[in-house]
Amino acid sequence: MPRSADEEPLKLYPSPDELPAQVKAALKDGEEVVALAVTDLVGSEYGEGYVVLTNSRVLAINGKVSEEVPLAKVTAASIRGYINTCVLSLDTDEGPRSLAVFTRGRLEAFDKLVTIINNLVIGKIPYNLLKEQLLNKMKSEQSRKSARAVLVKLLGLLKPIAPLLAATVAVAVAIRVVGLVPPYLMKVLVDEVLTKARADYLPYVIGALLAVNLANTALNTANAYLNTKLNVAVTNTLRSRVYRKLHELSLTHYDRFGSGGLWSRIIDDTNRVQWFLTQAFTPLFINAAMVVFVGATLVTMDAWLTLIVLMPIPVSVTGNLIYRKTASRYYHRLWRKWSRIVSVISDTINAAVLVKSFGKEPEFERKFEQSQDEFERAQMDVFKFEQRIWPAVGLAFTASSLLVWWFGGKEVLKGRMSLGTLMAFTSYMWMFYSPVFGLIDNVRNLQLLAVAAGRLFEILDLEPDVVEDPDAVDIELKGAIECENVWFTYDGIHYALKGVSLRVRPGERIGLVGPSGSGKTTLAKLLLHLHDPQVGALRYDGIDVRKIRMRSLKRQVAIVLQNPVLLDATIAENIALGKEDATPEEIIAAAKAAKAHEFIMRLPEAYDTEVGMQGSRLSGGERARVALAAALLKDPKILVLDEPTAALDALTEDQVTEELERLTRGRTTIIIAHRLSTLRFTDRIVVMENGRVVEEGTHEELLKRDGLYKRLWEAQLKGLTRMGAVEVGEEGVRVEYAARPQHA
Amino acid sequence: MPLDLSTLKILDPSRVKVLEAKLDELTLEVDGAVYSGVRPRRPFPFSHPEIVIFYRGDEEVGMLRDYRKLDPRSRELLEKVLKVIYFMPKVRKVLSIRSVEGKYEWRVVTDKGEVSFYSWGRCVRVLHDGRLVIRDIYGRAYIVEEPEKLDGRSRLYLSMMI
């Protein structure tokens, strides 16, 4: 049996009672359990197994100990992923050992386990330090689990607007209370004034009715004002919190959530929280107050009749619950059918070429008709279903109100109750129902609020994984970079970098080459401390990167990414990103150096041209050159260029490369390139493959070595020769391209 | 190696003379050498209109950091050409903005007279100094120099579009 989803599949430092008996039995005296991970598969069947990390061993247990590996023998832990299943495996001195299999549902838990193991065996983190870190993490995680905890936290977040929230609730309750007065005045009007013909009371009662109405109007205006203000205040408070958090997040988080995910959390979830807060939180108080006030009024008027009033409530609550449960299915089906229609239409439009060229129109028409029919049926089913529930509920209410009139009428006829009281009673009766149902809604919305708020806290509670020490300092970089045994993974399964060590001297120009996916870009980003390695150390001028103030670092390093994104601003502003107080001359000079000036001056508004969202009004090559200009204007100590010339035509590429040669002199530079000719001026070339550095040296040295670099080089030459470079003469090409790296 | 400002070819205004001006072309004398068919361009038409780069074909003759430092006659000739190249009506008053079939129809009074044009929804750009540039569906620009000094009605209309 698969375990329920809420159960925690990874327990850190579990207490003895949390340990299953078979695990306890396997432990030695004094052995401490660091982590207990629970699998949901045993072999290819659902079932529960355990992987236990102790301070000395890793154990796999299902029924009995099936694997046992001393930590001292483990060199690395990893997870292999398949369609549905994953396998936890340990690299040991004696070769790899597969420990346990689990479904992807447990991946997150096992990923954490792998990180812990790797921190111990690869990172060589002292055990006590690791324990302290894990215990701290546990504390903060526990606090964000329960719905109540989330709501309490949300209120904490909204503390600055607490007075506003309180005022809104107070005014809303006041409106309802004032709303209770008119029926009472009507009772007085009927019983005391009209029935007893007391004309002298009439002005007072009418006056009181007028006053109540005026008060009501005033309160309603105040309520509307406060509500509007509250809505805006809530979303603004939340959104700016999340927005500020965005800047703290490292790129790893951006990768994990995807830009769309972060986007929806800032825009949609804050709105959702606001909506639920105003739909659930404020009304909760209002409805509760109403139930108490109106209920008390009813009971004091007539306790027996009040019982009749309560009668339809169980019926309707049951009806409501049934409705909720079943309606969601009907509505979900309706929504599915609708999206079928949308998808047929969108296929037809987006894949028009395909549909037309394959003559699939009749098929699409049939599909469309079919989905229309299904939608119609689903719609009618919703109607039929609703017709089954609501009339019954309505009938219960009608019955109870008729009963109130029946018994109440009898009382009035017997003279035991005044007509005014009965009239007021029936008015209050209807006032009683709506807050009762409101409360049911509120409770449900409160749960949804907790879910939406939970999603927000997922972001707000993220610990920035690129952190600086509290005692970090500003330093002037000389430009030496050193990384040592660096391991890095984006998803917890695949390590993009596997134990990379690299030393770059100040002012050295390094070319980074290797097949796609070999980890070049990851390494480049890591060298700029945009990511923190999970394992290993990164140092600038011999100082650990965490000891350097982020701000001071960012000032002195620059990166130009492949497919760079620009800000929605003018070209001049985008270039000036590199230097706040840049003069127009510097901006032009930077653009000239990046070979961007010519195309910019051809635009009617030249440097004042707005580039559009993400630079969409410029071509890829133009964007690349603007980004390069910004990096050059910054005059950084360390410059990282990720395929700076990839989007350029061969001629421009050649010009930019010439310019780069000049501009990178005396500057620590790391250039990633597929086209090896771009690297002709580098001092050293580092070849990466599959997350590892496999070769290092100058162009000539590497060619002699007969390794990956030589193969890459020959493949590029072959491509050129085949393309008809034959006309120029094969030798000519060779001479041209081989000569260049000798600049270095 | 830091940026090389010498690539800019900055000209000394006292050694530049505009001899002749016709539509978008100038005859220029720089250090005694005469260049004809020279076209001035502003690299920063909005943010630094005083900077001008002279082109002859694709070739850069040089750049003036502030063309207003030219002698009065040269400055007058150059401005005559700049007015042609950077023709841009200044909006003095917005008479009406109506939404018509997904476009907006503007009626405005400019320094060049009353004009009406169509724009798309996102058509007003706010410059750093607070000036507004309105762009119509053909890409023509109209500038509002001091939006806060327009009459209330015009400001209300404009605020709808920003």
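Quick note: the coordinates plus some simple rules give every number you see, no bench work behind them. The model shown is predicted, which means the values in this text are computed figures rather than measured ones. Counting neighbours? That spans all protein chains shown, and the Cβs are built from the backbone with ideal geometry, glycine included.
Please list the non-local residues whose amide H lies under 5 Å from the amide H of A:Arg509, H modeled 1.01 Å from N, same-chain partners needing a gap of 5 or more.
Amide H neighbours of A:Arg509: A:Thr669, A:Asp683, A:Arg684.
Given axes a ≥ b ≥ c from the Cα gyration tensor, I'd like to know whether the stretch B:5-85 is rounded (a/c under 1.5), prolate (a/b larger than b/c) or oblate.
Cα axes put the stretch B:5-85 in the rounded bin.
Give, rounded to the nearest 20 debye, the magnitude of the charge dipole that the stretch A:65-140 has about its Cα centre when Lys and Arg contribute +1 at Cβ and Asp and Glu contribute -1 at Cβ.
It works out to roughly 320 debye.
Round to the nearest 10 and give me the degree value, 0 to 90, for the angle of helix A:162-188's Cα axis relative to the longest principal axis of chain A.
20
The stretch A:413-456: which chymotrypsin sites (Phe, Trp or Tyr not before Pro) are DSSP loop and have at most 14 other beta-carbon atoms within 10 angstrom?
none
Return the loop-located trypsin sites (Lys or Arg not before Pro) in the stretch B:117-162 (DSSP other than H, G, I, E, B) with at most 15 other Cβ atoms within 10 Å of their own Cβ; answer none if there are none.
Of the trypsin sites (Lys or Arg not before Pro), the ones in loops of the stretch B:117-162 whose Cβ has at most 15 other Cβ atoms within 10 Å are B:Arg122, B:Arg131, B:Arg140.
Counting other C-beta atoms within 10 Å, which of A:Met417, B:Met160, A:Met688 has the fewest, and how do the rest follow?
B:Met160, A:Met417, A:Met688
For the stretch A:10-142, just say rounded, prolate or oblate: build the C-alpha gyration tensor, square-root its eigenvalues into a ≥ b ≥ c, call rounded for a/c under 1.5, and beyond that prolate if a/b exceeds b/c, oblate if not.
Judged from the Cα gyration tensor, the stretch A:10-142 comes out rounded (a/c under 1.5).
What aspartates and glutamates could a cross-link reach from A:Lys325, if we take a straight Cα to Cα line under 18 Å and drop same-chain neighbours fewer than 8 places away?
A:Asp381, A:Glu386, A:Asp441
How much FRET efficiency would the formula 1/(1 + (r/R0)^6) give for A:Lys384 and A:Ala167, where r is the Cβ-Cβ distance and R0 is 35 Å, rounded to 0.05?
0.15
For the Cα atoms of chain A, what angle does the longest principal axis make with the long axis of helix A:202-248, in degrees from 0 to 90, nearest 10?
Computed tilt is about 10 degrees.
Mean shadow of the stretch A:320-404, computed from the convex hull of its alpha carbons, in nm²?
Dividing the Cα hull surface by four gives the mean projection, 6.6 nm².
Give or take rounding to whole Å, what are the principal axis extents of the alpha carbon atoms in the protein assembly as shown, in descending order?
The Cα atoms of the protein assembly as shown stretch 119, 93, 68 Å along their principal axes.
Give, rounded to the nearest 20 debye, the magnitude of the charge dipole that the protein assembly as shown has about its Cα centre when Lys and Arg contribute +1 at Cβ and Asp and Glu contribute -1 at Cβ.
2380
I'd like the orientation of helix A:251-264 relative to chain A: the angle between its Cα long axis and the longest Cα principal axis, in ° from 0 to 90, rounded to 10.
Roughly 40 degrees, rounded to the nearest 10.
Could you name the aspartates and glutamates whose alpha carbon sits less than 13 Å from that of A:Lys356, not counting residues in the same chain fewer than 8 places away?
Qualifying aspartates and glutamates at Cα under 13 Å: A:Asp347, A:Glu365.
To the nearest whole number, what is the average tally of beta carbon atoms from other chains within 10 Å of the beta carbons of peptide B:8-18?
Mean inter-chain Cβ contacts per residue within 10 Å come to 1.
How high is the FRET efficiency between B:Glu50 and A:Arg551 when r is their beta carbon distance and R₀ equals 30 Å, given to the nearest 0.05?
Once rounded, the FRET efficiency stands at 0.30.
Among the aspartates and glutamates, which have Cα under 14 Å from the Cα of A:Lys124 when same-chain residues fewer than 8 positions away are ignored?
A:Glu484
Is the stretch A:188-337 best put as rounded, prolate or oblate by its Cα gyration tensor, with a ≥ b ≥ c the root eigenvalues, rounded for a/c under 1.5, and otherwise prolate when a/b is larger than b/c, oblate when not?
Oblate.
Quick one: which of A:99-105, A:637-643, A:159-165 comes out on top by average Cβ neighbours within 10 Å, and what's the full order, highest first?
Per-residue Cβ counts within 10 Å, averaged per peptide and sorted highest first, yield A:637-643, A:99-105, A:159-165.
Going toward the positive end of the dipole of chain A, with +1 on Lys and Arg Cβ and -1 on Asp and Glu Cβ, which of A:Gly536, A:Tyr331, A:Ala224 do you reach last?
Looking along the dipole axis, the top candidate is A:Ala224.
So if we plug the beta-carbon distance of A:Lys73 and A:Ser516 into 1/(1 + (r/R0)^6) with R0 = 45 Å, what FRET efficiency do we get, rounded to 0.05?
The computed FRET efficiency comes out at 0.80.
What's the tally of Lys pairs in the stretch B:36-154 whose alpha-carbon atoms lie under 19 angstrom apart, where the two lysines are 8 or more places apart or on different chains?
Counting lysine pairs in the stretch B:36-154 gives 10.
At q = 0.13, 0.21, 0.24 Å⁻¹, what log₁₀ I(q)/I(0) does the stretch A:145-194 have when each alpha carbon counts as one equal point scatterer in the Debye sum?
Taken in order of the listed q values, log10 I(q)/I(0) reads -0.55, -0.80, -0.87.
Any idea which of A:Leu651, B:Ala33, A:Leu158 is furthest toward the positive side of the dipole for the protein assembly as shown, if Lys and Arg beta-carbons carry +1 and Asp and Glu beta-carbons -1?
Looking along the dipole axis, the top candidate is A:Leu158.
Ignoring GluC sites (Glu not before Pro) that are buried or in helix or strand per DSSP, and keeping those with at most 15 other beta carbon atoms within 10 Å, what is the longest stretch of chain A between them?
Here the longest run is A:95-475.
For chain A, what does the helix formula give at 222 nm: sum of -39500 (n - 2.57) over DSSP H segments with n ≥ 4, over the residue count, nearest 500 deg cm²/dmol?
That calculation yields -18500 deg cm²/dmol at 222 nm.
Considering only Cα-Cα distances, which of the following residue pairs are longer than 20 Å: A:Lys547/A:Lys637; A:Lys112/A:Lys137; A:Lys592/A:Lys634; A:Lys520/A:Lys704?
Those over the limit are A:Lys520/A:Lys704.
Take the stretch A:481-697, compute every pairwise Cα distance, and split them into 10 Å bins from 0; I just need the percent in each bin.
8, 34, 35, 19, 4, 0
Can you compute the charge dipole magnitude of the stretch A:10-142 about its Cα centre, using +1 on each Lys and Arg Cβ and -1 on each Asp and Glu Cβ, nothing else charged? Give it in debye, rounded to the nearest 20.
Dipole of the stretch A:10-142, to the nearest 20 debye: 220 debye.
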